[in-house]
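Heads up, the thing below is written out as structure tokens.
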Amino acid sequence: MSTPGSTVVIGLGCECRGDDAAGLEVVRLLARDSLPPSVVVLENYGDAAELIESWTGACLAIVVDAAMSGAPPGTLHRHSALGLAPTWQGSSHVLSLADAIDLARALGRLPRRLLLLGIEGEDFAVGGPMSPSVRAAVARTAEMLRGRFGGGADQPPMR
Amino acid sequence: MEGEGALLVRARDGRVTDLRLRIYEPPRFFEALLRGRHHTEPPDITARICGICPVAYQMSACQAVEAACGAEVTGPLRDLRLLMYYGEWIESHALHVYLLHAPDFLGYESGIAMAADHRGLVERGLALKKAGNVLVAAVGGRPIHPVNVRVGGFYRAPTRRDLAPAAERLLRAREDALATVSWVAGFDFPDVEHAYRFLALRHPTEYAILSGSVATAGGEFGVEEWPAHIVEEQVPHSTALHARLDGVTGYLVGPLARYNLNHRQLSPTAREAAAGAGLDGHCRNPFRSIVVRAVEIVHACDEALRIIDRLDEPDRPAVPVDVREATGHGASEAPRGTLYHRYSVGPDGLILDADIVPPTSQNQARIEMDLRDLIEPRLHLPAERLAEWCERAIRNHDPCISCSAHFLDVHVDAR
């Protein structure tokens, strides 16, 4: 459970399915640098219940996941959870991100604001490497988040 | 991807003429992936097969490799493995009972819909699951896809202090689990019984979870004899193989099998809870598997607490495992049933051949038989209602596809 007023950044994915690891890689890059104390960075391997636990009480939760919408690989999708795009429906995870959001809403455990960043993937094959375009997008996304947090002010990264 | 499944039912003149459950099954891909990899890699690689039961894959894999190499993990290291496995049972069963199975009995299309009306109940289910997560993370390093497991033991053995927070949660979880048994025992169960042939591991001193011989109603055999008794065959409509036990198709693994074969070895509290829930040592109604799962959560909490209480910290995190050219067999009880691994290791420590038999492929033929029995008397129902019955019949056995609760694609063609 997050501290009230805090920001939690959650990388979601499976590290053995090629581009599905994009969200995990973003938060791993982000965690390499010092972040403001109110920013918590977490990895999640597809556990919807743990996701709800992680963002409960947070002022802002940012979930970074791989997406599959038909857009060019490496495209960064941004959505508010209030209007979850079909991009995230039918996730390969046990209960999908959409399920976690709906369940959290039913339980009154959504964070005050929830932002979803989806990196369009290309290859989700078991045991495969991350595609070059997705790897580049991972670096760009981590850099963007770091830039927003790095200034010291606990500003939301984007609106 | 755990969640891909489809069911085709064709009926003519009140008889089911064709029934095909199609399940996408990733372990076959992993068997190929494992060939040529180092013998230390299967626990990590196979843990990725299932997001729900990675510990089961790790434990069966470790034991098969250790058997090949002539190593044995005993004492406190084995206790730590048991602890992690109990954590996975709690995680998996809590998720299935509360978010996947209970909605069927209470008339909700999903756990999410149920949460709107029964917030307290779903919160209790999530708290239970969290207790399992905490236990797996305390031993395995993280709650899903644990990273601390290695052939021979662990990379780092947790201390008693590391386990204290998990023990605190387990005390509460045991109370929640007992309340869960009482809750689900009160559901309205369809009056259905099947003549199941059960298969589960059996251990001399435990309600088998981590290891044991293979038990059926007809006797027991050693895990190394698995290939002589269990034969898998390809069926055209599924990537999952159908398993035959001693030449006969359609046996059942999972909670019902464990309970029927080994119920006397449940912890006293779990036995008492089972009796209070109306279970008398025999249960052949698949809808009541939700009660058995709840009883197994009680048992897992009980046993985990007992192990933590008596645990001696191991003097080393792993036993040495020396490579030798051999074949090893390992099996354990995943939450949804017996999971068997076999590895042939070459003199250089590389894997020559791998065989993984997951519970879902063992149960698939039996689930199809359940479906036929259930559907035929109900063919007069509207297609939508019939599809609901099909989904329920499948979910009773918690196959991998049930992870995607209502993603199952059901086609009913009844004339």
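The values are calculated or read from the model by the stated rules, or taken from the named source; none is laboratory data. Given the structure is predicted, the values throughout are model-derived calculations rather than measurements. Glycine also receives a Cβ, built like all others from the backbone with ideal geometry; neighbour counts cover every protein chain displayed.
Numbers below:
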{"read-out": "Those residues of the stretch A:59-78 which are over 27 Å from residue B:131 (Cβ atoms) and in a strand (DSSP E or B), in sequence order", "value": "A:60, A:62, A:64, A:66, A:67, A:76, A:77, A:78"}
{"read-out": "Identity of the residue in the stretch B:185-201, more than 14 Å from residue B:340 (Cβ to Cβ) and not in a loop (DSSP other than H, G, I, E, B), that ends up nearest to the chain's Cα centre (by Cα)", "value": "B:198"}
{"read-out": "Any hit, the stretch B:112-128, residues being without any contact (Cβ under 8 Å) to a residue 40 or more places away in the chain and in contact with a Pro (Cβ under 6 Å, 6 or more places away or on another chain)", "value": "yes"}
{"read-out": "Residues of the stretch B:338-355 satisfying the condition of being touching a Leu at 6+ places or on another chain (Cβ under 8 Å), part of a strand (DSSP E or B) and not hydroxyl-bearing (Ser, Thr, Tyr)", "value": "B:345, B:351, B:354"}
{"read-out": "The stretch B:21-41 - residue that is assigned to a strand (DSSP E or B) and modelled with pLDDT of 80 or more and, of those, farthest from the chain's Cα centre (by Cα)", "value": "B:38"}
{"read-out": "Selected residue (criterion: modelled with the highest pLDDT) from residues of the stretch B:137-155 that are hydrophobic (A, V, I, L, M, F, W, C) and under 16 Å from residue A:53 (Cα atoms)", "value": "B:137"}
{"read-out": "Selection status of residue B:76, under 29 Å from residue B:327 (Cα atoms) and part of a helix (DSSP H, G or I)", "value": "yes"}
{"read-out": "Enumeration of residues in the stretch B:85-110 that are within 11 Å of chain A (Cβ to nearest Cβ), of a type outside the set (Ser, Thr, Tyr) and either closer than 20 Å to residue B:190 by Cβ or surrounded by fewer than 24 Cβ atoms within 10 Å (Cβ to Cβ) (or both)", "value": "B:96, B:100"}
{"read-out": "Test set (1) assigned to a loop (DSSP other than H, G, I, E, B); (2) of a type in the set (Lys, Arg); (3) over 25 Å from residue B:58 (Cα atoms) - residue B:324 fails condition number", "value": "(3)"}
{"read-out": "Filter result (surrounded by fewer than 23 Cβ atoms within 10 Å (Cβ to Cβ) and closer than 30 Å to residue B:124 by Cα) within the stretch A:55-72", "value": "A:56, A:57, A:59, A:60"}
{"read-out": "Answer from B:108, B:85 - the residue that is hydroxyl-bearing (Ser, Thr, Tyr) and at pLDDT 95 or above", "value": "B:85"}
{"read-out": "Neighbours by Cβ (under 8 Å, 6+ apart or cross-chain): first from the stretch A:50-66, in contact (Cβ under 8 Å) with a residue 40 or more places away in the chain and of a type in the set (D, E, K, R); second crowded, with 24+ Cβ neighbours inside 10 Å and in a loop (DSSP other than H, G, I, E, B)", "value": "A:65/A:13; A:65/A:91"}
{"read-out": "Residue match in the stretch B:149-164 (condition: within 11 Å of another protein chain (Cβ to nearest Cβ) and within 21 Å of the chain's Cα centre (by Cα))", "value": "no"}
{"read-out": "Residue that is nearest to the other protein chains (Cβ to nearest Cβ) [pool: residues in the stretch A:1-58 that are assigned to a helix (DSSP H, G or I) and β-branched (Val, Ile, Thr)]", "value": "A:52"}
{"read-out": "Among the residues listed as B:62, B:53, the single one being among the hydrophobic types (A, V, I, L, M, F, W, C) and within 12 Å of chain A (Cβ to nearest Cβ)", "value": "B:53"}
{"read-out": "Selection within the stretch B:356-371 - assigned to a helix (DSSP H, G or I), within 21 Å of residue B:209 (Cα to Cα) and not β-branched (Val, Ile, Thr)", "value": "B:359, B:361, B:362, B:363"}
{"read-out": "Filter result for the condition that a residue is within 17 Å of the chain's Cα centre (by Cα), at pLDDT below 95 and small (Gly, Ala, Ser), over A:147, A:151", "value": "A:147"}
{"read-out": "Single residue of B:122, B:134 found to be within 12 Å of chain A (Cβ to nearest Cβ), closer than 29 Å to residue B:287 by Cβ and of a type in the set (Val, Ile, Thr)", "value": "B:122"}
{"read-out": "Some residue of the stretch B:293-305 being in contact (Cβ under 8 Å) with a residue 40 or more places away in the chain and surrounded by fewer than 16 Cβ atoms within 10 Å (Cβ to Cβ)", "value": "no"}
{"read-out": "Condition check for residue A:133: within 9 Å of chain B (Cβ to nearest Cβ) and surrounded by fewer than 23 Cβ atoms within 10 Å (Cβ to Cβ)", "value": "no"}
{"read-out": "Of residues in the stretch B:202-238 being assigned to a helix (DSSP H, G or I) and not small (Gly, Ala, Ser), the one farthest from residue B:19 (Cα to Cα)", "value": "B:224"}
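Results for (1) in a helix (DSSP H, G or I); (2) more than 23 Å from residue B:242 (Cα to Cα); (3) at pLDDT below 80; (4) in contact with a Ser or Thr (Cβ under 8 Å, 6 or more places away or on another chain), shown as yes or no for each residue.
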| position | (1), (2), (3), (4) |
| --- | --- |
| B:3 | no, no, yes, yes |
| B:9 | no, no, no, no |
| B:43 | yes, yes, no, no |
| B:49 | no, no, yes, no |
| B:56 | yes, no, no, yes |
